[in-house]
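Remarks on the structure that follows.
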Amino acid sequence: MPRFEAITFNCYGTLIDWEQGILKALAPFLSRLSDIPSPEKILSLYGELESAAEKTWRPYKEVLRIVMKSLAEKLGFTLLPGEDTALVKSLPSWMPFPETNQALEELSSRGIKLVIISNIDQDLIAQTLRHFTISFDLIITAEEARCYKPDLKIFKIALEKLALPKEKILHVGQSVFHDIIPAKILGLTTCWVKRPGRDPYGATPKAQANPDFVIRDLRELLTLF
């Protein structure tokens, strides 16, 4: 087992339960439908629409507004003026998974550098950081990189700032598409968080890769150190 000195995390979907956040934000709008799609269908559509909106750089708040309008069009509910910001307004309330903070505290106590690489705006993640009980050593956002994962640029910025050999870094993410594939291209060791009882792809595009580790939740991450 290599002695990792740093972990780079995806945030939303890995540390933060964004699927529940998304579904909660959409619930009032879906209630306007006579036939409400399954959560799996909604999240899959969200992943498809978000990925399309992220192919061209724009602030994530704009991505969320585009996704909201597209969901209304695809699913058939009507948005009143200003309601396209529902996901933007909801995001700061999205909470960590139950084990997230305990696992991060334990990793931090072992001297592991903890890093976030996230498809997000600076001001939005600043509000999310209030939900964590530790301080991260480094945070790289799509706003800083002017691109979205799976673009390699955002990872390269993180690697340059970390200034550690690649074999000392473990990248952890729930999204194969956004995280596991690009991290493996760059030669990083990867860990896929595949939570039981959930669609393993959730609100992300389906993709195939061979992660070095597969864990069920962040508690299992502690066994790698």
Residue farthest toward the positive end of the dipole of the chain, with Cβ of Lys/Arg at +1 and Asp/Glu at -1: which of Phe29, Leu45, Phe177?
Phe177
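Among bridges DSSP assigns within the chain, what percent are antiparallel (round to 5)?
Values: 1 of 21 bridges.
That works out to approximately 5 percent antiparallel.
Taking a 23 Å limit on the Cα-Cα distance, which of the listed pairs Lys149/Lys184; Lys24/Lys69; Lys149/Lys206; Lys161/Lys194; Lys24/Lys184 fall beyond it? Please list the in-between numbers first.
Working: Lys149/Lys184 13 Å; Lys24/Lys69 17 Å; Lys149/Lys206 14 Å; Lys161/Lys194 28 Å; Lys24/Lys184 33 Å.
From Lys149/Lys184; Lys24/Lys69; Lys149/Lys206; Lys161/Lys194; Lys24/Lys184, over 23 Å: Lys161/Lys194; Lys24/Lys184.
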Using R₀ = 25 Å, calculate the FRET efficiency as 1/(1 + (r/R₀)^6) where r is the Cβ-Cβ separation of Trp57 and Lys156; round to 0.05.
0.95
Rounded to the nearest 0.05, what FRET efficiency do Ala27 and Lys206 have when you use their Cβ-Cβ distance and R0 = 25 Å?
0.55
Under the Karplus relation 6.51 cos²θ - 1.76 cosθ + 1.60, θ = phi - 60°, what is the ordered set of whole-Hz ³J(HN,Hα) values for segment 104-110, x standing for Gly and Pro?
5, 4, 5, 5, 4, 5, 8
Could you give the C-alpha radius of gyration of segment 158-225 expressed as a fraction of 2.2 N^0.38 Å, taking N as the number of residues it contains?
1.12
What FRET efficiency, computed as 1/(1 + (r/R0)^6) with R0 = 41 Å and r the Cβ-Cβ distance, is obtained for Leu164 and Ser34, rounded to the nearest 0.05?
0.15
Using only the alpha carbons of the chain, what is the convex hull's orientation-averaged projected area in square nanometres?
11.6 nm²
List the aspartates and glutamates whose Cα lies under 17 Å from the Cα of Lys41, skipping any in the same chain that are fewer than 8 positions away.
Glu19, Glu50, Glu73, Asp199
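Each value in this text was obtained by applying a stated rule to the coordinates, not by laboratory testing. Predicted, not measured: the structure shown is a model, and the values here were computed from it. All Cβ positions, glycine included, derive from the backbone under ideal geometry; neighbour counts span all protein chains shown.
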